[in-house]
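One structure is given here, and the rest of the page talks about it.
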Amino acid sequence: MTATAEAPAAGEVASFEVTLRIRRMNPEGTSEHGAGEEYWEEHTIQAHATDRVLDALHKIKWDIDGSLAFRRSCAHGVCGSDAMRINARNRLACKTLLKDLNPAKPIMVEPIKGLPVEKDLIVDMEPFFASYREIMPFLMTSGPTPERERLQTPEERQRFDDTTKCILCAACTTSCPVFWTDGQYFGPQAIVGAHRFIFDSRDEGQWDRLEILNDKAGVWKCRTAFNCTEACPRGIEVTKAISEVKKVLNTGEI
């Protein structure tokens, strides 16, 4: 019997047709669309049950339309470069299986929101990284450099363990309605980046960072929508981290 999507042969991975509906934009324009004009384009491909959205985008770019532009690097959920909106949710294309998205319907793929689109699914990440740099994401210490590593207890390390998982994909920040509309808000990721050092027992720059986050563009812009926590591909409790920074600013105690 010929293998089908419903009944593949023993040991064979199921295959199916899937349509990707991709929001595109070429800053130089095309023969059909003006410079900077956004439009939707559909491609139907043959996929396997093990394929991810990134695999589908590769197939389109390599076999159908080489002009399609998107970012990717490690393809294993570590680099964070392929964050995009997939069926109206921020996700990593390399971690999202096509079969989990109801491939019977077109899968919508768009660039993440709140950052300028450079081409197709590629956005300008500089505003995002500018906020990250502003909170000084590095260990700040005084005195002579120790001959060995700076020690801390397992309990001290656990205090900020969750926020060390961030891969700078911008999924949390670009899922935030305040970030979309405000134009000044640091965004959830910058606060997560600051949290990672504020609660690090080895760091001495906590209050410098807290002063930055106490600004009108800092933590007080957060409206606790939980979009950021839901969007994080690493499962970081982003909203909780923001609330912990707010608590320190309210109490003066770390």
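The values are calculated or read from the model by the stated rules, or taken from the named source; none is laboratory data. Everything numeric in this text was worked out from a predicted model, so none of it was measured. Ideal geometry is used to build each Cβ from the backbone, glycine not excepted, and the neighbour counts take in all protein chains shown. Just so you know, the surface numbers come from the protein's heavy atoms only, side chains and all, with ligands and any DNA or RNA stripped out. Shrake-Rupley method; radii C 1.70, N 1.55, O 1.52, S 1.80 Å.
Structure data summary
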read-out	value
Mean Cβ count within 10 Å, highest first, over the residues of peptides 153-160, 53-60	53-60, 153-160
Computed label-point distance, nm, for sites LYS216 and LYS99 using a 7 Å Cα→Cβ extension	5.3 nm
Relative contact order computed over segment 1-136 (Cα-Cα under 8 Å; 6+ residues apart), in percent	25 percent
Cβ crowding within 10 Å averaged over residues, with 67-79, 193-205, 116-128 ranked highest first	193-205, 116-128, 67-79
Debye, to nearest 20: dipole size of the chain, +1 on Lys, Arg Cβ, -1 on Asp, Glu Cβ	460 debye
Listed pairs LYS95/LYS247; LYS105/LYS240; LYS165/LYS246 exceeding 30 Å between Cα atoms	LYS95/LYS247; LYS105/LYS240
Whole-Hz couplings from phi, Karplus 6.51/-1.76/1.60, listed for segment 18-25; x for Gly and Pro	9, 10, 9, 9, 10, 7, 10, 7
Per-residue ³J(HN,Hα) for segment 155-163, Karplus 6.51 cos²θ - 1.76 cosθ + 1.60, θ = phi - 60°, Hz, x for Gly and Pro	5, 5, 5, 5, 4, 10, 4, 4, 7
Calculated SAXS-style log₁₀ I(q)/I(0) at q = 0.13, 0.20 Å⁻¹ - segment 138-254, Debye, Cα scatterers	-0.50, -1.09
³J(HN,Hα), Karplus 6.51/-1.76/1.60, whole Hz, each residue of segment 62-69, x for Gly, Pro	7, 10, 10, 9, x, 7, 4, 10
Förster radius 22 Å - calculated FRET efficiency between TRP62 and LYS113 (Cβ-Cβ, nearest 0.05)	0.20
Theoretical FRET efficiency, 1/(1+(r/R0)^6), r = Cβ-Cβ of GLU237 and SER31, R0 35 Å, to 0.05	0.15
Simple label model, 7 Å out from Cα along Cβ direction - PHE129 to GLN158, nm	3.6 nm
At q = 0.07, 0.13 Å⁻¹, base-10 log of I(q)/I(0) for the chain (Debye sum, equal scatterers on each alpha carbon)	-0.31, -0.87
Percentage relative contact order, the chain, counting C-alpha pairs under 8 Å, at least six apart	16 percent
SER15 paired with GLU38, simple spin-label distance in nm, labels 7 Å along Cα-to-beta-carbon	3.5 nm
Across the chain: Cys residues that no other cysteine approaches within a C-beta distance under 4.7 Å	CYS94, CYS166, CYS169, CYS176, CYS222, CYS232
Segment 107-188: relative contact order in percent, alpha carbon pairs under 8 Å with at least 6 residues between	33 percent
Additional length obtainable on full extension of the chain from GLN184 to CYS79, 0.36 nm per residue less Cα span	35.2 nm
Segment 84-139 shape via C-alpha gyration tensor axes, a/c threshold 1.5	prolate
Packing-based order for 37-47, 100-110, 172-182, using average beta carbon neighbours within 10 Å, highest first	172-182, 100-110, 37-47
Accessible surface of segment 113-254 [probe 1.4 Å, protein heavy atoms]: carbon and sulfur percent	49 percent
